[in-house]
Amino acid sequence: MVAPTWCDILSGVLVADLMTLVAPPVTDLLRRSQTGTPSPQPMFPTMVAVRNDRVVAIVSTPRIEATMSAATSLAVGLDPQALVVATEARFDGEQPALTYAVMTRERTARWVLQEITGSGDEVRFSVPVDGGEPTGQAAGTLRLLAEAMAQRPVDVSTVARSDRGGTFGEETFLPPEQGRVVVDAGTLATLQERVAQIGGRALYVARSPEAGRLALSAGLPRACLLGGYPGSA
């Protein structure tokens, strides 16, 4: 048996930290899919974007191909520290589980499993564990995520102001923290328009009430904003 390197240990810690952020909203989605309708439904394949150690966006669609098509848009538009794709599956052909394909901006990849027991109101989830070496579709998912995360993200310091006429001496661009929200809003609005056609949904988690209001004013649909901020749905 080969002893793990410091790189292996550090990447494992990083992924474990990411899973503490990603697993709760994903398991909530699965729980809702089992209890929100008269008969349990499969959870939609879901992509989660993490930035600055918090979940910033979630894209969920009925088809894995459609969900995966959001990877490049999220990687370029949101500049996430990681993208995670969660799907419902059966481990060893029998055990229900959630699978997570995790890819960081540094292209650290992990395949994570979380067993599911029970159903409906009694559904329970194990602690996520390393799923080993991915093969088949799992390996393909990680490859697509790596390609997306290799793309250069949008420079949010060059987002033009819409409240200035360009008078000499005035700032041409928004402050980066505001430009960040405007680019986020545009990215999620575009994704929502695309995935809504097949019953999917793109959601944005604003970092503050002010950021939520700015996202709405920048064109984010109200139904896409999470957080219960004024004006959100």
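Values in this text are rule-based calculations from the coordinates and carry no lab data. The structure displayed is predicted, hence computed values, not measured ones. So basically every Cβ, Gly included, is an ideal-geometry build from the backbone, and we count neighbours across all protein chains shown.
General remarks:
- Note: the chain, Cα convex hull, 142 Å³ per residue.
- Shown is the FRET efficiency for Glu133 and Ala196, computed with R0 = 45 Å from the Cβ-Cβ distance and rounded to the nearest 0.05: 0.80.
- Segment Glu171..Arg152, full-extension length gain: 4.3 nm, with 0.36 nm per residue of separation and the alpha-carbon distance subtracted.
- Mean-position separation - Cα centroids, the range 99-134 and the range 39-68, in angstrom: 13 Å
- Charge dipole of the chain (Cα centre as origin; +1 on each Lys and Arg Cβ, -1 on each Asp and Glu Cβ, all else neutral): 480 debye, rounded to the nearest 20.
- Subtracting the Cα-Cα distance of Thr117 and Thr20 from 0.36 nm times their residue separation leaves 33.0 nm of extension gain.
- Nearest-0.05 FRET efficiency for Val76 and Ser39, computed from C-beta distance (R0 41 Å): 0.60
- Under 5 Å, built H, 5+ apart or other chain: amide partners of Gln41: Gln34
- A crude spin-label estimate for the pair Gln95 and Glu210, with each label 7 Å from Cα along the Cβ direction, gives 4.8 nm.
- Computed from the Cβ-Cβ distance with R0 of 45 Å, the FRET efficiency linking Arg124 to Arg222 stands at 0.85.
- Computed from Cα positions, the angle between helix 6-35 and the longest principal axis of the chain comes to roughly 90 degrees.
- In the chain the longest region clear of GluC sites (Glu not before Pro) that are loop-assigned by DSSP and have at most 14 other C-beta atoms within 10 Å covers 1-93.
- Size of the range 156-226 from its Cα atoms: along the principal axes, largest to smallest, the extents are 47, 23, 16 Å.
- Straightening the chain between Arg32 and Asn52 buys 4.5 nm, computed as 0.36 nm per residue apart minus the Cα-Cα spacing.
- Degrees, to the nearest 10: 136-149 long Cα axis against longest axis of the chain: 20 degrees
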